[in-house]
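**Q** Have a look at this one.
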Amino acid sequence: MIARATITAATSLSSICNLTGQIAGIVIPSAWTAASITFQFSMLGTTFEDVYDTLGNEITIASASIPTASNRYIDFTSGSWSPAWYAAGYIKIRSGSSASPVVQAADRLLLVNVIP
């Protein structure tokens, strides 16, 4: 299933994305304003919190790790970002970090590949 989240122009945080399963990956648009990606999570879709690892570091996909090809697919099934928090609930995707959000120059549609 493909879930959609949009970061509107001049903002850094996406609309709510309902996870009905596990995130397998995210497609980032080719016009992405250069920035890392971080997340907020909510079990019920109401109160969102920034996502941190067990050491207290914000879960971050570094800007340098985002593919530069037109496909720009970030694979969550391998690599260092396969956290358990993405299994159920709701997320918002942030351009930049909680401390340094990066506004997008135009609306950005993010496609989230969700598997049951």
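The values are calculated or read from the model by the stated rules, or taken from the named source; none is laboratory data. Everything numeric here is computed off the predicted structure, so don't read it as measured data. No Cβ is skipped: glycine too gets one built from the backbone with ideal geometry, and neighbour counts run over all protein chains shown.
**Q** Need pairs with beta-carbon distance below 9 Å; first residue more than 14 Å from Ile115 (Cα to Cα) and within the range 11-23, second surrounded by 21 or more Cβ atoms within 10 Å (Cβ to Cβ) and among the hydroxyl-bearing types (Ser, Thr, Tyr); sequence gap 6+ or separate chains.
**A** Taking only residues 6 or more apart or on different chains, the pairs are Thr11/Ser95; Ser12/Ser95; Leu13/Ser95; Ser14/Ser95.
**Q** Restricting attention to the range 83-116, which residues are surrounded by 20 or more Cβ atoms within 10 Å (Cβ to Cβ), modelled with pLDDT of 95 or more and among the hydroxyl-bearing types (Ser, Thr, Tyr)?
**A** Residue satisfying the conditions is Ser95 alone.
**Q** Hey, another quick one. Residues in the range 19-52 that are of a type outside the set (A, V, I, L, M, F, W, C) and assigned to a strand (DSSP E or B): how many?
**A** 8
**Q** While we're looking at this one, here's another question. Any residue that is modelled with pLDDT of 95 or more, more than 16 Å from Ala3 (Cβ to Cβ), touching a strand residue (DSSP E or B) at 6+ places or on another chain (Cβ under 6 Å) and of a type in the set (Gly, Ala, Ser) - is there at least one of those in the range 25-36?
**A** No.
**Q** Report the residue count in the range 30-47 for those that are surrounded by 17 or more Cβ atoms within 10 Å (Cβ to Cβ) and not polar (S, T, N, Q).
**A** Number satisfying all stated conditions: 5.
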